[in-house]
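The values are calculated or read from the model by the stated rules, or taken from the named source; none is laboratory data. Please read all numbers here as calculations on a predicted model, not as lab measurements. We place every Cβ from the backbone using ideal geometry, glycine too, and count neighbours over all the protein chains shown. The protein model used for the area step is the full one, side chains on, heavy atoms only, and it has no ligands, DNA or RNA in it. Shrake-Rupley method; radii C 1.70, N 1.55, O 1.52, S 1.80 Å.
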Amino acid sequence: LASREPIVIYGDYDVDGVTAATILFHTFRTIAPDAPVRIYIPHRLDEGYGLNSSAVTQLAAEGARIIVSVDCGITARDPATAALAAGVDLIITDHHNPPATLADLPAAYAVVHPRRPDSRYPFGDLSGAGVAYKLAWRLATLHCRSPRVTEDFRALLVELLGFAALGAIADIMPLVGENRIIARFGLGQLKHSRNPGLKALIEAAGLAGDTIDSDHVGFALGPRLNACGRMDHARNAAELFTTATTAHAAAIAKNLCTLNDQRRATEQR
């Protein structure tokens, strides 16, 4: 970030992946507002789940120097090799089941996972967004050179708790330990969010002014975001939370509701 190396956040097409990518995007841009950072979400049908070697090679050809995976990558040994060959630093952040031994981890620049074989982290059931949130928090303290971050970063981390809660609840993680704390305070933050996309989604789902609970995430907000990846392309959901202006965010949120209706009708058929 300090040297403005082009960074790609490589997400997954579900709620957990999109919110995890959103968390890192806003953290990177707060540290370096002019940093060349973008999000890449694979197409569910054309590319399938997780890191793929073709995408890694293409992103490198387009100028990426760092790829940070969120909610995927812990078993992506071939894509890690492709990144190495292309001269890209691959940083994997994930929460899915890791290999049993360190030797079986992908040969990435770094692997961030609460259940690595050598991990002593006290809570192993974080969502992908939860892992991204912890990385964001650490980046904030490193940037501020203190465990106590500046008011700007404190406001950011409070805001991002809402996205971490969306990821944990929509991914059906056990709401105990750290997840319970993330969900409790993140849900409380949702109706106060300053993010244009999140505000537009809440309004489009008919929840404006309400106290949003886990049922609202599981049955109203989450399905709309997941429908984007199933019926169209999840990059639109990532755009909603990152770069969309107020007017564009409203249009995306409205389209997510339409896609969710189509998804529901398709499943009924």
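A simple spin-label model places pseudo-atoms 7 Å from Cα toward Cβ; at residue 49 and residue 2 they are separated by 3.8 nm. On the principal axes of its alpha-carbon atoms, the stretch 100-238 has extents of 48, 38, 29 Å, going from largest to smallest. What do you get for the angle between helix 222-231 and the principal long axis of the chain? Use alpha-carbon atoms, 0 to 90 degrees, nearest ten. Roughly 70 degrees between the two axes.
Rolling a 1.4 Å probe over the protein heavy atoms of the chain, with every protein chain left in place, gives an accessible area that is 52 percent carbon and sulfur. Dividing the Cα radius of gyration of the stretch 193-261 by its Kirkwood radius returns 0.93 for Rg/Rh. Kirkwood analysis of the stretch 1-113, using all unique Cα-Cα pairs, places the hydrodynamic radius at 13.9 Å. Ordering of 75-88, 40-53 by packing is 75-88, 40-53, highest average first (other Cβ atoms within 10 Å, averaged per residue). The value for the chain of Rg(Cα) / (2.2 N^0.38 Å) is 0.96. Scoring 198-210, 109-121 by mean Cβ neighbours within 10 Å over their residues and listing the highest first yields 198-210, 109-121. Taking 0.36 nm per residue of separation and subtracting the Cα-Cα distance, full extension of the segment from residue 57 to residue 103 would add 14.2 nm. Each label point was placed 7 Å from the Cα along the Cα-to-Cβ direction; for residue 192 and residue 267 their separation is 3.2 nm.
In this calculation the C-beta distance from residue 34 to residue 247 is compared with R0 = 25 Å, giving a FRET efficiency of 0.55. Amide H contacts of residue 67 (H built 1.01 Å from N, in plane; Pro and chain starts excluded): 8, 89, 90, 91 sit under 5 Å, all sequence-distant by 5 or more or on other chains.
Here the convex hull built on the C-alpha positions of the stretch 33-85 has a volume of 92 cubic angstrom per residue.
With R₀ fixed at 25 Å, the C-beta to C-beta distance from residue 211 to residue 254 puts the FRET efficiency at about 0.60.
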